[in-house]
Each structure stands twice: as C-alpha cells, then as structure tokens.
Amino acid sequence: MALWGGRFSEAADTRFKQYNDSLRFDYRLAVQDIVGSIGWSKALVTVGVLTQEEQTALEIALNTLKYEVEADPEQILTSDAEDIHSWVEGKLIERVGDLGKKLHTGRSRNDQVATDLKLWCKAQGEVLLASVHGLQAKLVETARQFETTVLPGYTHLQRAQPVTFSHWALAYFEMLDRDYSRLQDALKRLNTSPLGSGALAGTAYPIDREKLALDLGFERATRNSLDSVSDRDHVVELMSIASLSMVHISRFAEDLIFYASGEAGFVELSDKVTSGSSLMPQKKNPDALELIRGKTGRVVGSLTGMLLTLKALPLAYNKDMQEDKEGLFDALDTWHDSLDMAQLVLEGLKVNEPVTKKAAMGGYSNATELADYLVAKGIPFREAHHIVGEAVVYAIKQSKPLEDLAVSEFQQFSDVISDDVYPILSLESTLEKRQALGGVSPAQISYAINQAETYLKNRS
Ligand code: ARG
C-alpha cells in the first residue's frame, strides 16, 4: 500500500512505480529509519499524540524489526514498498495494527529521509575514519620497514634526486592525514538533526527539537526547516572528500604500477593482489592498483552527478533529491574498498633494493650535489648550474656517471674541482645533506617515522 493513496483513484503504472521506487537502494537506511522513528515516537508522547503505553508498544515493535533487519537486511528487498520509510511503517502497522498509523503524525518523509541519511553518514563516516587511519598506519609500518631503502625520486618522471622508500610512503601518509581531518570536519558540520522540520515549514506539534536531536545522538537541531529538508551539502562534502582521497590513492597506485613495471623493476607485488594473463604466461598484472586508479573515475563522477542534480534545484524538497543515495553509497563503498586494497598491496610488497639503489645513483641525480660543491667553492649558483650542465652533457657522451669522471675531465669545466668532489657525489652524502625539516637525511626520516607513530598512537 502506498502512503499517499487517498488522493488517487487509479493505481500507478508499473513502469512509473519501478522508476520512482527507491527501496532497492535506500533499504540500506533501514536501521537509521527505525532509530529515527523510535526518537520521533518519544517526542510524540511529549506533545500528547501518543500515550506512554502506546510509545512503549511502538518502541518494542520497532526494536524487534531492527534486530531482524540487522540480521538479514536483504529480506527488505522482497517487498514492493516504495521506499524504506513506507516499508518500516508498513511493517509496523502489520505488527501493532492501527497504533502504527499514528507514528507519522507531524512528520514528513522529507525530514525523515534527511535525518536517516545524516544518521547513516555519521555511522559510515566513523567506519571511513578507521579505514583512512588503517592505511596511514600501514604506510608508517612500510616506512619503518624500508627506512633506509634508497629510491630514485622523480620530477617530470625524469630521475631527479634520490629519496628513500620510507620518504615516499610518508608522503602518502601526509595526504591521507589531510583526508582524515577533512572527514572529521565534515562529520562535525553534518551533526545536526533535521527531524521536526516537517515537509518544509516545520512541524505543527510543539516538539522540543533540541532534545530530540540529542536523543538521536546529534549535536543540535538544524535551525531552518526549509534548509533542513533541502540541504544535501553533507552528501556533496563526503563525495568530495572521497574523490580527493581517491585521487591521492590513485597517485599512490600509479607510482607502484610504475615501480612494479618491467622497465623499473623496483618492487614486486604479492600474488595476493595481482592477476595473470590468460594468454601470456609470464605476466603478473597489478590489477588491484589499476582498479584503485580506475575506480577514482566513478567516485569523481558521483560527485559531479550530485552537484548537477542540486544545481538550480528550487527549495524545498524535490524528488530529484532521491538521486543522492546511489551515488553516495557507491562513492563511499568504493573509497572504503580502495583504502582497504591499498593496505593489502602494502602488506606483501617487496622492494628490490639493489635495483632501486642503482637507479637512484643513475640518471645524473647527483648533479645538484656537484653544483652545491661549486657553490661551496665560491661560484655563484647560477654559474655553477651552467657548469654542471656542461659536465653532464660531457658525461652522457662518455656514457659515464659523474662520479666516474677523472679530476682532469672535471677540470675542463671548472678548475676548482679537485679530489674532494668524490665523497660529495656519493648517494650517502646526497641524502645526508638534506637535514632541514622534511628532507631525506637519515636523521630526518627517523624523526618523521617516530613522529608519525606517536601521532597515530595518540589518535587511536
Ligand atoms: N524516497 C524519497 C527520497 O529518497 C523519500 C522522500 C520522499 N518525499 C516525498 N516528498 N516524496 O528522497
């Protein structure tokens, strides 16, 4: 039975019903709808719509229903109810009879769905905070494991300066930390209860909405009924945080795909997160990482879709807004699973240190060291840069790294270069020099790992 039958004399076309119904996806709000309904039933006692005995009977029936849907949420899908709100109300009436018909007094599905969705976002937000935290913890563990493992650092995908694998892992730790704080921030902002806003103009019953908000676990009640039922900012915010975080982990994925390529050979991915080719027996494909990269597109797509749905939508509720859920659920599920997958990839990761070391030493990535050496000997940096450029061209022609040039060869470019240049050109010295905060010197790396560990420990 539809909730709005009285005004109609003809049944809805089945094709319209299919198009209009949202139960197949909003069944995920069942628990929140029940919790919101219990809160509302308590509020109805305070305004004399329900007696305490009636409320108790409703609460018992609602709680029984809650346990049932928690045990088997998919059972809801066998119903042909329009949406989760009709389903819960229908079930209640089935169980407690006419009493169930009183529950919707003073409430609209508009404030109801807004409340359900916020309750769901609050719960899902906590799950996602834990997932981001989990990946951050794994990144710090990885940094500890490969604390001193040298890795070539790139700009423009050209070898630039040596870094360490730990430094690379901690770069993603930082990005995820901003994602974490953005999520916390969004959760604070969405922590307001729309219930009691009615269809759009507020409820006609003198409900204490602040108390109701606190009962439901919100920080406070929303302030404007029109805004309360029309606002989907939190949906957009969560999708946008998910999008940005997916962009972060897609860069992580891309780095590792490249590191695992035959061309680089820096890392080996575990069999647990790779697949073979049906034709080429030698292949081990980085599917988990490619999917993280690929799924980023659909998360960003959901965000774009939601923004366009809301653009120029008149106040207050419009059915367009029903389109908020599928995109949100999918974006947050995808983000959650991708964070998990990124963690799994790190679990079995092997780094091929001889290869990373050789690569870090190649590509003239110590050219900046030579320039700094010349600066130390009194040559202005711009000039030093030019001299080193010429030396690099020469070395490339000789097919030698800089450190294999003889002093006499160096002196063609600058006569201040002597024997003391060789230690400066070493990998160890290149790293050691970068002592300033956030750099790759062993002391800085060790400090950064310790800091990150303490920080995570204090958070959890
Ligand atoms: N299924 C609807 C949604 O998700 C619930 C709200 C319906 N409100 C209405 N006025 N038809 O948005």
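Mind listing just one residue for me: the one in the stretch 67-104 that is under 23 Å from Gln18 (Cβ atoms) and acidic (Asp, Glu) and, of those, farthest from the ligand (Cβ to nearest atom)?
Glu74
When only residues in the stretch 105-117 that are part of a loop (DSSP other than H, G, I, E, B) and under 22 Å from Ile60 (Cβ atoms) count, which is nearest to the ligand (Cβ to nearest atom)?
Out of the qualifying residues, it is Arg107.
Quick one: Thr164 ticks every box in (1) of a type outside the set (Gly, Ala, Ser); (2) within 28 Å of the chain's Cα centre (by Cα); (3) crowded, with 21+ Cβ neighbours inside 10 Å; (4) farther than 28 Å from Asn458 by Cβ except a single one, so which number is it?
(4)
Determine which single condition Leu289 fails, assuming it passes every other condition in (1) within 16 Å of the ligand (Cβ to nearest atom); (2) surrounded by 15 or more Cβ atoms within 10 Å (Cβ to Cβ); (3) in a helix (DSSP H, G or I).
Going through (1) within 16 Å of the ligand (Cβ to nearest atom); (2) surrounded by 15 or more Cβ atoms within 10 Å (Cβ to Cβ); (3) in a helix (DSSP H, G or I) one by one, Leu289 breaks only (1).
Against the condition within 16 Å of the ligand (Cβ to nearest atom), among the small types (Gly, Ala, Ser) and under 25 Å from the mean Cα position of the chain (by Cα), how does Gly327 come out, does it pass? Let's see the steps before the verdict.
Values: within 16 Å of the ligand (Cβ to nearest atom): yes; among the small types (Gly, Ala, Ser): yes; under 25 Å from the mean Cα position of the chain (by Cα): yes.
In short, yes.
List the helices (runs of 4 or more DSSP H) inside the stretch 187-277, counting only whole elements, that have at least 3 residues being over 16 Å from Gln112 (Cβ atoms) and either more than 29 Å from the chain's Cα centre (by Cα) or touching a residue at least 40 places away in the same chain (Cβ under 8 Å) (or both). Give the derivation first.
Details: elements: 209-215, 225-230, 233-260.
In the stretch 187-277, 233-260 are the helices (runs of 4 or more DSSP H) which contain 3 or more residues that are over 16 Å from Gln112 (Cβ atoms) and either more than 29 Å from the chain's Cα centre (by Cα) or touching a residue at least 40 places away in the same chain (Cβ under 8 Å) (or both).
So which residues in the stretch 392-407 are within 14 Å of Ser418 (Cα to Cα) and in a helix (DSSP H, G or I)?
Here is the first cut: in the stretch 392-407, the ones within 14 Å of Ser418 (Cα to Cα) are 402-407.
Answer for the stretch 392-407, where residues must be within 14 Å of Ser418 (Cα to Cα) and in a helix (DSSP H, G or I): Leu402, Glu403, Asp404, Val407.
Pull up the stretch 296-317, narrow it to residues that are buried (at least 16 other Cβ atoms within 10 Å of the Cβ) and more than 16 Å from Leu238 (Cα to Cα), then point me to the one that is farthest from the ligand (Cβ to nearest atom).
Ala316
Every residue in the stretch 41-58 that is surrounded by 16 or more Cβ atoms within 10 Å (Cβ to Cβ) and under 19 Å from Glu94 (Cα atoms), please.
Ser41, Leu50, Glu54, Gln55, Ala57, Leu58
The numbers here are math on the coordinates, done by the rules we state, and not lab data. Note that this is a predicted model, so its numbers are computed, not measured. When we count neighbours, we look across all protein chains shown, and the Cβ atoms used for this are built from the backbone with ideal geometry, even at glycine.
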